[in-house]
Each structure stands twice: as C-alpha cells, then as structure tokens.
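Colleague: Once you've had a glance at the structure underneath, I'll fire off some questions.
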Amino acid sequence: MMFGHRPVLLDETVDSLNIRPGGIYVDGTLGGGGHASLVLERLGESGRLIGIDQDADAIEAATKRLAPFSDRVTVIRDNYRNIGEILESLSVPAVDGIYLDLGVSSFQLDSAERGFSYREDAPLDMRMDRRGGRTAADIVNECGESELYRIIRDYGEERFAGNVAKRIVAARKNGRIETTGQLAEIIKEAIPARMRADGHPAKRTFQALRIEVNRELEVLEESIDTMIDLLKPGGRLAVITFHSLEDRIVKTKFRTAENPCICPPDFPVCVCGRKSRGRVITRKPIVPGKEELEENRRAHSAKLRVFERS
C-alpha cells in the first residue's frame, strides 16, 4: 500500500492555517497523512491533530506514517460530515484549524480494484467507504435514463450526457455492466471522435458517478457551516478543491459566512440581524506553482480557499 505522492498544495495549505504550537487541528480527509505530518511537525508537544477518513486503506497508511507522533494524533474512520459528533465524543468544543483535501486520492486512482479509474478494467465500485452503500455499478444498472442523464450532466458537466445515458441503458439490456472497462467502452461509443481531445472520453462520466456514489457535493455543502462554527476565534478552515462544482460551493459558502446580510442594497442600515462569522482570506484561490504543476499531474485543477473565524 503506497500513499507516496506528495500532497497537492502542501506548504500553501499548512502555511494558511497559521499553526499555533499548542493548538488543535482537524484533517477531515486524512488520506495517507501527508498534510497531517507537516502540521504535526509544526505543532508543539501540547498540540493535537485529529485525522478523519472514511477509507480503510487511508486509515491504515496514515496510522503508520504518523506513528512517530502517536501521542498527539487521534485517527478516526468516519466521514467529515460527522465532524461535530466526532469532536463532541472527544470532548473538544472548538479547534484552531480544519482542512480538507477533496476528491479522489492518487492512491485510490492507482488501485485498480477500487474501480475509480477508467484506464484499467476492474469492478465498477468507486466507494470511498466500502462498508456499505451503492456502488457505481448499482447506479449504472439501476437508475433510469433520465436520472443517469441528470447525474452525468450535473456532476460531470458532460455535454453528451444524454447520449451517454442512452447508450448505458441500451447496453445493460444485454446484461449488467459490471466493470470499468465495459463502461469506458460504452462511453467512448457515445462521444463523437472529434470531441475526444480533452482527455479520455470517460473522464467526466466517471467523475459524475464517483460524486454520486459518495455524495461528495452534498456532504461538502452540508459541512462547511458546521466546520466554521467549530473554529475558535482566529481559527481557519482551508479547503482544496479539484473541479468547478466543489470550488463553487466553497466560494459561495465562504462569501455568505463573511457577508450574510440579506437586506435590500438600498437599505441605509442592516435590519436582518445576520452577523458576519469571519473573513475570507483568499480573495482569489491559491493555485499550484509552475514547479508543482510539472511534478504532479493531479495538481493542475487544484484551488485552495481559506476562511478565518472572527
């Protein structure tokens, strides 16, 4: 098991947290522990890190990587959407910083048997938490054509979503679609050859299915306000996104937390009573530099946004 890839925007993310040596920090998407290890290096002996991940492989890898800091680390297998309950169970009312590295990890993509990649033939799974829930195969074989169209259009931003959905429904009449290879071939036939220049033709549909399987956008949208509420004054929430759908949610949520007023713009004073909860640190998102882009293909679409609690 290898989580050997350097995390995207590693220094930028940890720098943005303004680590307090005795602070408490939460890594909501622990992965292999890359960001967490740098946070722990900057924490003092009284500091603490709580790492959350729903992927069993990530939990195992991170636990090993962070073993030298075991007296300051609590690793929990769960979804970050439950961060409030997790911190309550640990008797932690508020923290100094929270950070998320969203999307699928390089390890998950490189592990063919997880079913995230269209480049190798494997069971069509895509679950980050394999303890239960629908797989990508369940969605592909059981959703109606209109529902498949919605998923592929909304979460994959695929312009040929209608054609892809139609081809999937036609293909499954001959038997269940069980593997990534089967699905990739169906998608390839649904997209005109002249339109395949922007990467693999299955890229957008696979993204859409992964988001649907793991309810990624729903979890993100429901969690940001809770995470802001859990920050101490001056505490920061840092989020790395990898596509426009995630980034739009984070940008909108941060702006609303900074300026929640809903009064008409011509009102001389605010009467709605909604108070700012802090400030957006990143007016423009932080993006990888030239060197990182050359070294890490996963970094190309990454954006980091940071919010500070007042």
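FYI, it's all coordinate maths here, none of it is from the lab. A quick note: this is a predicted structure, and the numbers were derived from the prediction, not measured. Note that we place each Cβ from the backbone using ideal geometry, even for glycine, and neighbour counts take in every protein chain shown.
Colleague: Once you charge only the Cβ atoms, +1 for Lys and Arg and -1 for Asp and Glu, what is the size of the charge dipole of the chain about its Cα centre, to the nearest 20 debye?
Modeller: 760 debye
Colleague: Shifting gears a bit: Mind listing the Cα extents of the stretch 96-173 along all three principal axes, in Å, largest one first?
Modeller: 49, 27, 24
Colleague: Can you tell me what share of the DSSP beta bridges in the chain is antiparallel? A percent to the nearest 5 is fine.
Modeller: Around 40 percent of the beta bridges assigned by DSSP in the chain are antiparallel ones.
Colleague: A follow-up question, please. Taking Cα centroids, how far is the stretch 86-161 from the stretch 1-54 in Å?
Modeller: 23 Å
Colleague: Follow-up question, since we're still on this one. I'd like the Kirkwood hydrodynamic radius of the stretch 181-310, using the inverse of the mean 1/r over distinct C-alpha pairs, in Å.
Modeller: 17.6 Å
Colleague: So, with +1 on the Cβ of K and R and -1 on the Cβ of D and E, and no other charges, what is the size of the charge dipole of the stretch 121-214 about its Cα centre, to the nearest 20 debye?
Modeller: My answer is approximately 140 debye.
Colleague: Dividing the convex hull volume of the alpha carbon atoms of the stretch 119-239 by its residue count, what do you get in Å³ per residue?
Modeller: 130 Å³
Colleague: Another one. Under Stokes-Einstein, with the Kirkwood radius over Cα pairs standing in for Rh, what whole-number D in µm²/s applies to the chain at 20 °C and 1.002 mPa s?
Modeller: 104 µm²/s
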